[in-house]
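The values are calculated or read from the model by the stated rules, or taken from the named source; none is laboratory data. These numbers come from a predicted model, not from an experiment. Neighbour counts are summed over all protein chains in view; Cβ atoms, including those assigned to glycine, are modelled from backbone coordinates with ideal geometry. What goes into the accessible areas is simple: the full protein's heavy atoms, side chains included, and nothing from ligands, DNA or RNA. Shrake-Rupley method; radii C 1.70, N 1.55, O 1.52, S 1.80 Å.
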Amino acid sequence: MMLVTIANKENDLSLLDDKLHMDDRGLPIRFGMTSEFMFNSYGKLEDRETTVRLAEDYYNAASPHPNVFVQEDDVFTLKSVSDIRRRLTTSRSDDATVGELSEEMTDPERTLSFYIKHQAPDENTLIPSYRKFSCLVDGQNYRSSGSLTYTNRYSDLLDKPDAFIDNFKKTCEALNIFYAVSGCSLLVFTYTNARMHTMYPLYRRFPGLLYADSGGLTSDTKRRDDIIRDVNWLTAINDANVTRLGGLEVIRAQLSENIVLHPYNGGVVFQAGPKPRMGDVNYGDVPEAYKEINAALKPIRFKDYTAPYYLSVPDDVNRREATEAWISRFD
């Protein structure tokens, strides 16, 4: 808590780089950048090819390269970028309930799901990675939208901010997203109630954090593509949602010159200032640029969450009220 407070006060989130923290239950937490992308594929096989290409691009750009590939219960050591495609197109049927995993690339009815990450030799699997790319490409009759998430060190953004934004924009265009977001986040192995005793106070105090649980969003929104969850340093919506809000000129008129717009073929990315900010509600510090974008996009914010609601919380906290407070924190 103190380290994040100092980093926000000094406006230097690089203080959080390369730190591994253990919560009071011995579970590891890191700080980094997370980017999330929401889309609807409806079984289109070309979207699976696009996702594999994005995974290959991520592998090539990452340093160190990812060295672990996971699909269902299949865990494989990556030795080169070509291993990703080779593994996805190789038949594996050790588990009869899963079937041939290679069919996830060729059967429109099936959902493609895998992740790649870097894991240091001396780290166990529960330690979150700065280098992780995960995806779920929805099949024809899948119950919810597809999603793709990748992580970076905060220093990756500082070293090459234009390249970071350009890659985010290119991913939005390649996936034909309806909503995407990128910001500073807590990197954890999983979002569960067991983590919240330590994490929930951080989310309550630092509104600029990105709570990056894409499954928690799509489980309630199903395949709706006319909504967003919240905003962060980078927030993208597609042209259809721009139109729902009255058009880009109407949106632009609501924003100050502190907000940078990055149009692309199919949508637009809103950038809240030159770099991400945490904010600190204990000092009345809620980032103004985030509030501006929130106000402009609020009409399409999803509100109708149902039990167990979006935000995981400690047992003594009302989850519905906590979720409502979280998604409206920039109001």
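Quick notes on this one:
- For the pair the range 119-164 / the range 298-331, the C-alpha centres are spaced 24 Å from each other.
- log₁₀ of I(q)/I(0) at q = 0.15, 0.18 Å⁻¹ - the range 1-128, Debye sum with one point per alpha carbon: -0.87, -1.08
- Loop-located trypsin sites (Lys or Arg not before Pro) in the range 83-161 whose Cβ has at most 14 other Cβ within 10 Å (DSSP): Arg143
- In summary, the lysines within cross-link reach of Lys222, defined as a Cα separation below 29 angstrom excluding same-chain residues under 8 places away, comprise Lys44, Lys117, Lys132, Lys169, Lys170, Lys291, Lys298, Lys303.
- In the chain, the portion of solvent-accessible area held by carbon and sulfur atoms comes to 49 percent [1.4 Å probe, whole percent, DNA, RNA and ligands not counted].
- Inter-label distance, nm, simple model (7 Å from Cα along the C-beta direction), Asp74/Asn265: 3.3 nm
- Fluctuation leader among Gly246, Gly208, Gly279 - the chain, Gaussian network, Cα springs under 10 angstrom: Gly246
- Gaussian network model of the chain, Cα within-10 Å springs - most flexible of Ala272, Ala120, Ala236: Ala120
- Mean-square fluctuations from a GNM of the chain, with a 10 angstrom spring cutoff on Cα atoms, peak among Asn124, Asn176, Asn152 at Asn124.
- Calculated mean residue ellipticity at 222 nm for the chain: -9000 deg cm²/dmol, from DSSP H runs with n ≥ 4 weighted as -39500 (n - 2.57), summed, divided by the residue count and rounded to 500.
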